[in-house]
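Working notes, beginning with the structure itself.
Since every read-out is calculated from the coordinates, none of them should be taken as a lab result. Small disclaimer: the values here were computed from a predicted structure and weren't measured. Virtual Cβ from ideal backbone geometry, glycine too; neighbours counted across all protein chains shown.
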Number of protein chains: 4
Amino acid sequence: MTDKVDLNCDMGESFGAYRIGADEAVFPFITSANVACGYHGGDPSVMRSTIARARQRGVAVGAHPGLPDLIGFGRRAMDVTPEDAYDMVVYQVGALLGFANAAKVELQHVKAHGALYNMAAVKQDLAAAIARAVRDVDPGLVLFGLPGSHLISEAESVGLTTACEAFADRNYMNDGSLVSRRRPDAQIHDADEAVTRAIRMVREGKIRSVDGEEISIRADTICIHGDGPHAVEFAEKIREGFEEAGIAVRAVGRGK
Amino acid sequence: MTDKVDLNCDMGESFGAYRIGADEAVFPFITSANVACGYHGGDPSVMRSTIARARQRGVAVGAHPGLPDLIGFGRRAMDVTPEDAYDMVVYQVGALLGFANAAKVELQHVKAHGALYNMAAVKQDLAAAIARAVRDVDPGLVLFGLPGSHLISEAESVGLTTACEAFADRNYMNDGSLVSRRRPDAQIHDADEAVTRAIRMVREGKIRSVDGEEISIRADTICIHGDGPHAVEFAEKIREGFEEAGIAVRAVGRGK
Amino acid sequence: MTDKVDLNCDMGESFGAYRIGADEAVFPFITSANVACGYHGGDPSVMRSTIARARQRGVAVGAHPGLPDLIGFGRRAMDVTPEDAYDMVVYQVGALLGFANAAKVELQHVKAHGALYNMAAVKQDLAAAIARAVRDVDPGLVLFGLPGSHLISEAESVGLTTACEAFADRNYMNDGSLVSRRRPDAQIHDADEAVTRAIRMVREGKIRSVDGEEISIRADTICIHGDGPHAVEFAEKIREGFEEAGIAVRAVGRGK
Amino acid sequence: MTDKVDLNCDMGESFGAYRIGADEAVFPFITSANVACGYHGGDPSVMRSTIARARQRGVAVGAHPGLPDLIGFGRRAMDVTPEDAYDMVVYQVGALLGFANAAKVELQHVKAHGALYNMAAVKQDLAAAIARAVRDVDPGLVLFGLPGSHLISEAESVGLTTACEAFADRNYMNDGSLVSRRRPDAQIHDADEAVTRAIRMVREGKIRSVDGEEISIRADTICIHGDGPHAVEFAEKIREGFEEAGIAVRAVGRGK
C-alpha cells in the first residue's frame, strides 16, 4: 500500500509519586507520543515533561484522553453519554494544548485511551461525539482509530484527517477486528513474526487472520506498547525491521 | 482616574449533580466571567455551558484556575511549589481554551481562585510561576490581581497586560490590602455605600481605608459575588450605579 | 402481610461547598437514613453531621455506598468486577462505621446507590460480592434491595437479614420490576394514589402492575425521595397515611 | 530504657495500576504495617491485599491516614481545620477498619502520613483533633508520633496508648526534633552506624544530636522505609542488629 509508517506509543501515564511505563527507553524508537491528560493517568507535571522530551527527540505529540477513572486506569467501560464523551475529550485535549502552546509544539493527533477507545470503536454516537470534540478544538488534529471502526468513519465525516492504527503483536478476526484478549491466541508472542506481519500490513495492506484468511487492513500507524517486560526490545526490533525493509518511519503529520 | 470599568464574577462553579451560584441571574450585569476549570469547582459540561451562556450574553470569558481541592472548594492554602502552580495553571487554562476554541470564543483573561489567588498575592515565586504559565499558554491573556500584589507586578514583568481588581463591598487597610475577613469591619454591608465607594475607586482611584485614611487604588475590574443572599441585588445595583454615573461598564479586552 | 413499615431516604449526599437534598426537612418523616459515603456523594464532614442529626431524630443509620464517580453522582454504570464491588463496599461501609463508632450509633443497614444498586439487581456475581462485603464488615447489617433481585437472594444465601424496598411513586411491571424511567408511565404523580398503593403493598403485599395485573410484592421499607420539588410534601403525606392506616412506621432494626 | 522495639513501615501505598514500595520484600523484617487508606495513596483493593499479607506474616496492622492529595502523595501541607483533620482521620481509619473486620484482624495502631504527621507534630489543635478521632473510632488503638510532639501529648490526654517513633537513619537536633531534610546532614547514610544508633536509642533512650550533644529520646517503634534503593537491605540489617543485640522485635500491641 505504502512505504511509510508511524510508530505511536502511550506516554506520560505516570501520576504524582507513581511511575509507570518505560517512556525514556521507548522514546528513541517512536515517532508519535500519545500523552495522557490526567483522567486515566498522567498529571500536569508529567504532561509538561513528556512534551519536553518528545520535542527534544523530534517525536510528534498527541493527546491521549481517557475516562475519568484513575483507579481503573481508564480501562473500565462506563455508561457515558455522547455529551459526556464530547466534554471530556475537549477538556483533556485542551489541557494538553495548554502545555503544547507553552512548549511551542503543535499538537499532531488524538488517540482515545482504553475503554473510551474501545467503546467508541463500536458505538457510533460516542465516536461521532469524540470526532466532533477533536475537530472543535482544532480541525488540523489527526484522529487515530481502528481501521473500519466508527471512530475512523465519524472522523472522516466531520472532515478530520485520520490514521488507522494496527497492532503488530495482535491477531485479527476475519472482519478486521482484534481477537479478544480473553482468547489464548489473541497475541503474537514471537517478535520476529510480529515485525514481519507489521511490514506486510504497511506495504501490502494485508494480514492473515487468526482463521487463516487473507484480509485487508490499513496501517498508517503501529501501536508500540510502553510497558511490559519486552516493550523496549520489541520497539527497537520493529523500528529496525521497518528501516531495513526500506519503509520510512515518520510521524503522520497534521491534517489539512 | 478613568471612566470605564469591568465587572467580573466567578461563574461555572457547579459540579456534576451539584449546583452552586446564581450564574443565570448574575450574567446580565457583568462583563467578564471567570470560569472554573474543574480543580476547585466546575466540570467539563459546566465549562461548556458557561462559555455558551457568556457568549450569548456578550460577556467576556476568562479562566478561573484553582488548587486541586474540590472538597475544600480551593479555599484551603496548600504548600505547592512554583512548578506545581505553573503546571496546574497551564492545565486548567488549557482545558478552558479547549472549550473556548470549540465555541469560537477568544479567552480574555485569567483570574486565580481562592487560596491560589491569595497565596500568589503575597508569594513572589508563586506569582511569577502563575504569570509565566498564563503568558506561555497565550501572551494575549490579561491577568487579574489585587493592586500592588505580586501577581500584578510579576505579570507585568513577563509582559502580560494586567487588570487590577477592587472589591466594592470590602474595607481596605492603609497599605491597600483587604481587611481580614476575621475582623468584624471586613465588609461593607450597605449596598448604596458600596456602590458609592466603587464609583469613587474607578473615577478617582481613591478609597477611604478602614482607619479613615485616603488611599490610592487602581480599579480596572470590580469583583461581583455570584452567591450569597444579596448577590443578584448587589450586582444589579452596582451596574446601575456605574451607568448612572456615566462610567462605561465593559470588559477589559485582550492584551497586546 | 404486615402492619409495620420502614421509611428510608438517601441522606448526606452534599459534598464540600455543595448542598443537595432536603435532608433537614425530610428527617422528621423517615425511620432509616441511607448515608452517602464519599464515592458518589457525601464527604467525611457531611457523614459526621448526618449521623449526628439522625441520632438526634431517632432515625436509624445505614451506609449508602456507590460507584467511584462523583462527577456522575454514581448514576453511570461502570464495568466493575465483583472484586472491585466487594472492595468499594467494604471501604465505604467501613468509613461510615468509623463515624458510627464515634457517634456511638450502631449501623443498621446498607443500601447500594444508583448504578451499583441497579447493576447488582441483575448481575448475580456483583450482588454476591456486595452481600459478602456487607456480611464481612458486620453480619448484623441488614441489606436493602428490590424484591426478587439478586441482591436479596445473595444476601440471604450468605446469612444476612434483608429488607425489600418498594417505591410508592413508581409503576411496576408484571414481573415485579420497575417500569423504566424512559416510559411516560414510570411514575405515579398523584401523591394520594401513591399513598394508597404504598399502604396496600405493606398490608396486603399486593400491587396492581402497569398492565393491570395483580402482583405480589414484599415491602419492608419504602423509599422516600430526598430531593425534587415535592419531596417533603410527599414524605409527610406517606408518613401520615401509614399512621392513619394503623401501620407502625419504624426502622427495620438490626439482623441476627 | 527497654529491651524491645517495634519496627514499622508504610505499606500499601500502591494505587490502581500503579505500584510503589517494596512491600513484599520488606514484610519479613517488620512487626507493624502502616496501611495507606486511599487519601494520599492506597486503594480499596490494595488495602484488602495488604491486610491479607500482614496477617499471613503475623505483622500487626495499623491505619496510615493522610491528606486528601493523591497527586502530591500527602506530602504537601494543607491549611485544614482541626474539624477537617478529625473527619478525615475517622473516615480513613474507619475504611481500614472495614477491611480489618473482613479479615478478622484487629487494628493495632494509627500513624498519620506525611504532611498530616508533620503538621500535627507542631500544631496542638490538629494533634488534639487527630487524637480524638482515633479514640472515637476505637479507644484501644495506639497512636504513633514523634517523641515530644503534640500528637503524643494530646493522645495521652485523651487516654490513648502511644508509641514514640524514632528514625535510625536521621539526625536529630538538640531539642529532639529531626534535622530538616533541606540540610545536607539530615540523614545517616551508613547503615551500620544507623543500626548502632537505633540500638542505643532503644536500650539507653539516648542519641547524640547533630551538634554532638547527648539527648534523651523514647523509641518504642523504629520507622523502616519501604522504598528507596537500599530499603530492603536496611530493613534486614536493622532487624538483625536488634536480634543480635538481644532486643526483642515485636509489635507494640493494642492499648488498654
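Within the set of other residues whose C-beta is less than 14 Å from the C-beta of C:ALA100, count the net charge using Lys and Arg as +1 and Asp and Glu as -1. List each step's numbers first, then the result.
Working: positive: C:ARG48, C:ARG53, C:ARG55, C:LYS104, C:ARG254; negative: C:GLU106, C:ASP138, D:ASP87, D:ASP136, D:ASP138.
It works out to a net charge of 0.
Using a 7 Å offset from Cα along the direction of the beta-carbon, what are the separations from C:GLN187 to the same position in each other copy, nm, ascending?
3.5, 5.0, 6.1
Under 1.5 on a/c is rounded, so check that first for chain A, then, if it is not, pick prolate when a/b is larger than b/c and oblate when it is not; a ≥ b ≥ c are the square roots of the alpha carbon gyration tensor eigenvalues. All intermediate terms of the calculation are to be shown ahead of the outcome.
Numbers: a/c = 1.43, a/b = 1.22, b/c = 1.18.
Rounded is the answer for chain A, as its axis ratio a/c remains below 1.5.
As a check on your grasp of the helix formula, calculate [θ] at 222 nm for chain C: sum -39500 (n - 2.57) over DSSP H runs of n ≥ 4, divide by the residue count, round to the nearest 500.
-12000 deg cm²/dmol
Take the alpha carbon gyration tensor of region C:193-256, find the square roots of its eigenvalues, order them as a ≥ b ≥ c, and report rounded if a/c is under 1.5; if not, report prolate when a/b exceeds b/c, else oblate. Intermediate results must be reported in sequence, preceding the final value.
Numbers: a/c = 1.58, a/b = 1.10, b/c = 1.44.
Oblate is the answer for region C:193-256, as a/c is 1.5 or above yet b/c matches or exceeds a/b.
Rounded to two decimals, what ratio of Rg to Rh does the protein assembly as shown give with C-alpha atoms and a Kirkwood Rh? If you can, show how the numbers build up before the last one.
On the way: Rg = 30.5 Å, Rh = 31.1 Å.
Computed over Cα atoms, the ratio is 0.98.
What ³J(HN,Hα) values, in whole Hz, does the Karplus curve 6.51 cos²θ - 1.76 cosθ + 1.60 give for region D:132-146 when θ = phi - 60°, with x put for Gly and Pro?
Couplings: 5, 4, 5, 4, 5, 6, 6, x, x, 6, 9, 9, 8, x, 5 Hz.
Within 10 Å of each Cβ in peptide D:99-106, how many partner chain Cβ atoms are there on average? Round it to a whole number, please.
Per residue, the average neighbour count from other chains is 4.
Need the C-alpha centroid separation for region B:214-256 versus region C:156-192, integer Å.
If we compute the Cα centre of each part, the gap is 52 Å.
Which value, in debye to the nearest 20, describes the size of the charge dipole of the protein assembly as shown about its Cα centre when Lys and Arg Cβ atoms bear +1, Asp and Glu Cβ atoms bear -1, and nothing else is charged?
0
Report, for D:GLU214, each distance to the same residue's label point in the other copies, shortest first and in nm; define the point 7 Å along Cα→Cβ.
7.1, 9.1, 9.4
If we count other beta carbons within 10 Å of each Cβ, what is the order of D:ASP211, C:ASP138, fewest first?
Numbers: D:ASP211 11, C:ASP138 22.
Ranking D:ASP211, C:ASP138 by Cβ neighbours within 10 Å, fewest first, gives D:ASP211, C:ASP138.
Dividing the Cα radius of gyration by the Kirkwood radius, what Rg/Rh value follows for region D:52-112?
On the way: Rg = 13.2 Å, Rh = 12.7 Å.
My calculation puts Rg/Rh at 1.04.
Calculate the mean, over all residues of peptide D:9-17, of how many other protein chain Cβ atoms lie within 10 angstrom of the residue's Cβ.
On the way: counts 0, 0, 0, 0, 2, 1, 7, 12, 13.
Counting Cβ atoms of other protein chains within 10 Å of each residue's Cβ and averaging gives 4.
Amide H to amide H under 5 Å from D:MET11: which residues, 5+ apart in sequence or cross-chain, H placed 1.01 Å off N in plane?
D:ASN34, D:VAL35, D:ALA36
Among A:ASP220, A:ASP185, D:ASP125, which comes first, second and so on when ranked by fewest other beta-carbon atoms within 10 Å?
A:ASP185, D:ASP125, A:ASP220
Counting alpha carbon pairs within less than 8 Å and at least 6 residues apart, what relative contact order, in whole percent, applies to region B:4-249? Numbers along the way, then the final one.
Details: 530 pairs, mean separation 48.5, N = 246.
The normalised contact order for region B:4-249 reaches 20 percent.
Go ahead and run the numbers for FRET between A:ARG254 and A:ASP211, Cβ-Cβ distance against an R0 of 51 Å, rounding to 0.05.
Working: r = 38 Å, r/R0 = 0.74.
Taking R0 as 51 Å, the efficiency between A:ARG254 and A:ASP211 is 0.85.
Let's see if you can work this out: charge +1 on each Lys and Arg Cβ, -1 on each Asp and Glu Cβ, no other charges. What is the dipole magnitude of region A:111-256 about its Cα centre, in debye to the nearest 20? Before the final figure, lay out the partial values.
On the way: 19 positive and 23 negative charges, 88 e Å.
Taking the Cα centre of region A:111-256 as origin, the dipole is about 420 debye.
How big is D for region B:96-210, in µm² s⁻¹ as a whole number, if Stokes-Einstein is applied with the Kirkwood radius of its Cα pairs at 10 °C and 1.306 mPa s?
103
Counting only other chains, and only Cβ atoms inside 10 Å, what mean value do you get across the residues of B:76-88?
Numbers: counts 7, 4, 9, 9, 5, 3, 0, 3, 6, 0, 4, 10, 4.
Average neighbour count from other chains, rounded to a whole number: 5.
Arrange D:GLU244, C:GLU154, C:GLU106 by Cβ neighbour counts within 10 Å, fewest through most, would you?
Values: D:GLU244 10, C:GLU154 24, C:GLU106 14.
Ranking D:GLU244, C:GLU154, C:GLU106 by Cβ neighbours within 10 Å, fewest first, gives D:GLU244, C:GLU106, C:GLU154.
Choose one of A:ALA155, A:ALA198, A:ALA100: the residue whose Cα lies farthest towards the positive end of the charge dipole of region A:4-249 (beta-carbon charges +1 Lys, Arg; -1 Asp, Glu; about the Cα centre).
Positive-most Cα among the choices belongs to A:ALA100.
Cross-link candidates for B:LYS123: which lysines have Cα within less than 18 Å, leaving aside residues fewer than 8 places away along the same chain?
B:LYS111
Using the Karplus curve 6.51 cos²θ - 1.76 cosθ + 1.60 with θ = phi - 60°, work out ³J(HN,Hα) for each residue of region D:229-237 in order, rounded to whole Hz, and write x for Gly and Pro.
x, 10, 4, 5, 4, 5, 4, 5, 4
Using unit Cβ charges (K, R positive; D, E negative) and no other charged atoms, how large, in debye to the nearest 20, is the dipole of region C:4-249 about its Cα centre?
Working: 25 positive and 35 negative charges, 60 e Å.
With Lys and Arg at +1 and Asp and Glu at -1, about 280 debye.
Between chains B and C there is a rotation axis; tell me the chain B residue with the nearest beta carbon and how many whole Å away it sits.
Residue with the nearest Cβ, plus whole-Å distance, for chain B: B:TYR18, 2.
Going by a ≥ b ≥ c, the root eigenvalues of the Cα gyration tensor, does region B:142-236 fall in the rounded group (a/c under 1.5), the prolate group (a/b larger than b/c) or the oblate group? Please report the intermediate quantities before stating the final value.
Working: a/c = 1.75, a/b = 1.38, b/c = 1.27.
Prolate is the answer for region B:142-236, as a/c is 1.5 or above and a/b outweighs b/c.
Could you tell me the calculated FRET efficiency between D:SER177 and A:ALA52, based on Cβ-Cβ distance and R0 = 35 angstrom, to the nearest 0.05?
On the way: r = 38 Å, r/R0 = 1.10.
Efficiency computed from Cβ-Cβ geometry: 0.35.
Along Cα→Cβ at 7 Å, what distances in nm separate the B:PRO28 label point from those on the other copies, shortest first?
From this label point to the equivalent ones elsewhere in the assembly: 3.7, 6.7, 7.6 nm.
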